[in-house]
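The structure under discussion appears below in the form of structure tokens.
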Ligand code: NAP
């Protein structure tokens, strides 16, 4: 029997429907809506798409959004200047600097920028103060994609406590924080990466397998325990037909999409895994919409916390 599809679009819509009346209540009580400042540097097409989707969703729920665009040639000081202004703004409760920053800014630019964001407005949860609070299991603005994964598991009836969760990928934005969130929810957690020995057999011991590596269709059926829950975080735009054919057979609708558009968005998990897993997230329409929903959620939480503190 094919795996149950964990529909992120529906869950994200439910979350937005919960956030919207709280945003309206906040706006009534504070004479202003919660505000999110987004900083976009350069013209990376993927970043443009992500930011456009964030602005659209925020607008639909009544959040105020301000997009600050900086040219590709900007220096680190320019970005830090905008962050400083948003930190001081009364009207902005959340600040998001879209990554990646241009390579010309240097390898430590992102860290410098994330470190400069007021932790109370750090709706991406990347500031070291928030990372520390996450490690300690204290209330925190946690990164949006990992938060979305937990919401998706909870709202689709997946038991986390006592289960073995294997996370493939150890990035600061997905792998590590989702491992911590799962640990705090009493899963037994194993984190894998590019040097993990016998990755397939470790992955196959998972009741919940979270894959965040950035390699199209890398995780195949032998990595997956029959009946397990597979969360595919990967978002890979594939532009060569041979790779698409490895994932989708002739006659498949996604192959036809590719032939029409010249590219297709796929996850890190091979579609054939759906024949083995008990439940699986689609790409697109799985984790992606939840990342945006949790950004709105984090912005609301930041606004409510700032209002409580009389900011
Ligand atoms: P990243 O920073 O590039 O990290 C990739 C991780 O995968 C690293 O820890 C790396 O191991 C590991 N890895 C790479 N190749 C591997 C292999 N062959 N075997 C085992 N581990 C391997 O990536 P990321 O930012 O976490 O993103 C991962 C994917 O999620 C990307 O496709 C990204 O686009 C997607 N993503 C989606 C969303 C969403 O909203 N849906 C949000 C964020 C990211 P090492 O540490 O050993 O190098």
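The values are calculated or read from the model by the stated rules, or taken from the named source; none is laboratory data. Since the model is a prediction, treat every value here as computed from it, not as a measurement. Heads up, the Cβs are rebuilt from the backbone with ideal geometry, glycines too, and the neighbour counts pull from every protein chain shown.
What about residue 303, is it within 30 Å of residue 86 (Cα to Cα), outside any helix (DSSP H, G or I) and either in contact with a helix residue (DSSP H, G or I) (Cβ under 9 Å, 6 or more places away or on another chain) or modelled with pLDDT of 95 or more (or both)? Judged against the criteria, residue 303 is not a match. Taking every residue in segment 277-306 that is farther than 24 Å from residue 37 by Cβ and pairing it with any residue that is part of a helix (DSSP H, G or I) and more than 14 Å from the ligand (Cβ to nearest atom), at least 6 positions away or on another chain, the pairs with Cβ-Cβ distances below 8 Å are 280/273; 280/274. Among the residues examined, residue 43 qualifies as without any contact (Cβ under 8 Å) to a residue 60 or more places away in the chain, surrounded by fewer than 16 Cβ atoms within 10 Å (Cβ to Cβ) and out of contact with any strand residue (DSSP E or B) (no Cβ under 7 Å at 6 or more places or on another chain). Against the test of being at positive phi and surrounded by fewer than 23 Cβ atoms within 10 Å (Cβ to Cβ), the options 81, 137, 169 yield a single qualifying residue, 137.
Could you list, in sequence order, all residues of segment 276-288 that are closer than 12 Å to residue 224 by Cβ and within 16 Å of the ligand (Cβ to nearest atom)?
Our first condition is that a residue be closer than 12 Å to residue 224 by Cβ; within segment 276-288, this holds for 276-280.
280, the sole residue that qualifies.
Among residues of segment 192-203 that are free of Cβ contacts under 8 Å to residues at least 40 places away in the same chain and farther than 18 Å from residue 174 by Cα, those with a beta-carbon under 6 Å from a residue that is part of a strand (DSSP E or B) and near the ligand (Cβ under 10 Å from one of its atoms) at least six positions away or on a different chain give the pairs 199/192; 202/192. Looking at this structure, is residue 291 out of contact with any strand residue (DSSP E or B) (no Cβ under 9 Å at 6 or more places or on another chain) and within 14 Å of the ligand (Cβ to nearest atom)? Yes, satisfied.
Out of the residues in segment 228-240 meeting the condition of being in contact (Cβ under 8 Å) with a residue 40 or more places away in the chain and in a loop (DSSP other than H, G, I, E, B), tell me which one is farthest from the chain's Cα centre (by Cα). Outline the logic, then answer.
From segment 228-240, those in contact (Cβ under 8 Å) with a residue 40 or more places away in the chain are 228-235, 237; that's our starting set.
Still in the list and also in a loop (DSSP other than H, G, I, E, B): 228, 233-235.
Working: 228: 22, 233: 8, 234: 10, 235: 10 Å.
So the residue we want is 228.
For residue 265, the criteria (1) touching a strand residue (DSSP E or B) at 6+ places or on another chain (Cβ under 8 Å); (2) surrounded by fewer than 24 Cβ atoms within 10 Å (Cβ to Cβ); (3) under 26 Å from residue 163 (Cα atoms) hold in every case but one, which is (3).
Pick from segment 207-227 the residues that are touching a helix residue (DSSP H, G or I) at 6+ places or on another chain (Cβ under 9 Å) and assigned to a loop (DSSP other than H, G, I, E, B): which of them is surrounded by the most Cβ atoms within 10 Å (Cβ to Cβ)?
Of the residues in segment 207-227, the ones touching a helix residue (DSSP H, G or I) at 6+ places or on another chain (Cβ under 9 Å) are 208-213, 216-217, 219-225.
Next, only the ones that are assigned to a loop (DSSP other than H, G, I, E, B) stay: 212-213, 216-217, 220, 224-225.
Values: 212: 25, 213: 22, 216: 23, 217: 23, 220: 16, 224: 28, 225: 19.
Filtering first and then ranking leaves 224.
Just so you know, in segment 241-250 the residues that are away from the ligand (no atom under 15 Å from the Cβ) and touching a residue at least 12 places away in the same chain (Cβ under 8 Å) include one that is nearest to residue 281 (Cα to Cα), and it is 248.
Exactly one residue out of 266, 273 is farther than 20 Å from residue 146 by Cβ, near the ligand (Cβ under 10 Å from one of its atoms) and either touching a helix residue (DSSP H, G or I) at 6+ places or on another chain (Cβ under 7 Å) or modelled with pLDDT under 95 (or both): that is 266.
When you look at residue 110, is it within 16 Å of the ligand (Cβ to nearest atom), at negative phi and out of contact with any helix residue (DSSP H, G or I) (no Cβ under 9 Å at 6 or more places or on another chain), yes or no? Considered against the rule, which asks whether it is within 16 Å of the ligand (Cβ to nearest atom), at negative phi and out of contact with any helix residue (DSSP H, G or I) (no Cβ under 9 Å at 6 or more places or on another chain), residue 110 comes out as yes. Name the single residue that is farthest from the ligand (Cβ to nearest atom) among those in segment 172-199 being closer than 18 Å to residue 223 by Cβ, touching a helix residue (DSSP H, G or I) at 6+ places or on another chain (Cβ under 7 Å) and not in a helix (DSSP H, G or I). This residue is 189.
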